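Just so you know, all these numbers are worked out from the coordinates, no wet-lab data involved. None of the values given here were measured: they were computed from a predicted structure. Virtual Cβ from ideal backbone geometry, glycine too; neighbours counted across all protein chains shown.
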Amino acid sequence: MTVFQSIIMGIVEGITEFIPISSTGHMIIAEKLLNVKDDAFNSVFTVAVQLGAILSVVVLYWRKFLDFSRWQFYVKLIVAVIPALILGLIFSKQIDTLLKSSIVVAVAMLAGGIVLLFVDNIFKRPVVHNEKEVSYTKGFIIGIWQCLAMIPGASRSASSIIGGMQQKLTRSAAAEFSFFLAVPTMLAATGYKIFSYMKENGSFTSEQIKILTIGNIVAFVVALLAIKFFINMLKKHGFRIWGIYRTIVGIALLIMIYTGFLNR
């Protein structure tokens with residue numbers, strides 16, 4: 001991977017990680033369009049670049065993450081991340097296989113887009129307005145919903161936000177809890193990916209470390225802006241605009257795949 005490719009991938013990750021349009025799906029398509037080589041390091045990069053996005057959440061919501069007197073907050077996140085940890089370990093090989101499929105991304109993108117077109121009308125009358133009102137049971141159920149994101153193109157953000165709304169959270173409360181849940185989820189996924197790589201290939205080279213550093217810095221800066229943008233859009237317009245976007249992208253990807261412009 002070149003420095004230019006890492007910058008572009010960092011931008012894509014930063015924009016899409018917390019918006020319900022699937023960062024993984026966009027990263028897979030970006031890789032193919034940029035002709036990024038399918039090797040062990042680049043596979044790690046697409047996951048490890050999430051660290052920059054994670055840090056943006058901690059910085060924006062530092063009062064919550066650094067208030068150690070509110071131990072319930074951390075316990076809720078641990079409870080909520082358990083389903084993803086268990087299923088991620090069980091199906092890690094199958095997930096890696098799906099990550100190489102453009103057709104899976106396209107179908108999941110389209111299906112998720114259709115759901116987002118109607119989700120605002122499906123889950124009405126929320127009663128939970130902030131993270132403090134989220135019970136451990138609700139957090140665990142949201143964590144189960146998040147596991148849908150193991151399908152590339154489904155979107156971790158969309159899955160967990162819809163799960164939150166199904167558990168009677170308001171749109172903004174569901175979005176914020178999704179942001180919080182992203183931290184332990186992506187830390188675990190990144191740590192596992194890096195550990196697996198180093199176990200099989202040894203330590204990273206200085207060039208690889210530079211590529212990872214640049215990608216994460218770019219992802220961090222872009223994600224800071226993307227989160228604020230998404231929250232404002234969500235409050236004003238709901239999810240319909242993202243449903244339209246995903247539907248258009250999903251159809252466009254299917255056309256690109258079946259015309260041979262994009263590999264399956």
With +1 on the Cβ of every Lys and Arg and -1 on the Cβ of every Asp and Glu, the dipole magnitude of the chain about its Cα centre, in debye rounded to the nearest 20, is 740
Residue by residue, what Karplus-based ³J(HN,Hα) values in Hz, rounded to whole numbers, does region 147-164 have, using 6.51, -1.76 and 1.60 with θ = phi - 60° and x for Gly and Pro?
5, 4, 6, 5, 8, x, x, 6, 5, 5, 4, 4, 4, 6, 5, 4, x, x
What ³J(HN,Hα) values, in whole Hz, does the Karplus curve 6.51 cos²θ - 1.76 cosθ + 1.60 give for region 75-87 when θ = phi - 60°, with x put for Gly and Pro?
5, 4, 5, 5, 4, 5, 8, 4, x, 5, 5, 5, 5
Pop out the ³J(HN,Hα) list for region 191-205 in order, Karplus 6.51 cos²θ - 1.76 cosθ + 1.60 with θ = phi - 60°, rounded to Hz; leave Gly and Pro as x.
x, 5, 5, 5, 4, 5, 5, 5, 5, 8, 10, x, 6, 6, 7
Using amide H atoms built in the peptide plane, which far-off residues or other-chain residues are under 5 Å from PHE18 H to H?
none
Could you list GLU13, GLU131, GLU200 so that the one with the fewest beta carbons within 10 Å of its beta carbon is first and the one with the most is last?
GLU200, GLU131, GLU13
For the chain, average projected area of the Cα convex hull in nm²
13.3
Could you give the length gained by full extension between LEU33 and ALA188, i.e. 0.36 nm per residue of separation minus their alpha carbon distance, to one decimal place?
53.0 nm
When the charge dipole of the chain is computed with +1 on Lys and Arg Cβ and -1 on Asp and Glu Cβ about the Cα centre, the Cα farthest towards its positive end, among GLN5, ILE209, VAL59, belongs to VAL59
Taking a ≥ b ≥ c as the square roots of the Cα gyration tensor eigenvalues, with a/c under 1.5 meaning rounded and otherwise prolate when a/b beats b/c or oblate if not, region 67-197 comes out oblate
Using Cβ contacts closer than 10 Å as the measure, can you line up MET186, MET109 from fewest to most?
MET186, MET109
Quick one: which of LYS193/LYS228; LYS124/LYS235; LYS64/LYS132; LYS100/LYS193; LYS100/LYS138; LYS64/LYS228 span more than 22 angstrom between C-alpha atoms?
LYS193/LYS228; LYS100/LYS138
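In what sequence do THR97, THR190, THR259 fall when counting other Cβ within 10 Å, fewest first?
In increasing order of surrounding Cβ atoms, one gets THR259, THR97, THR190.
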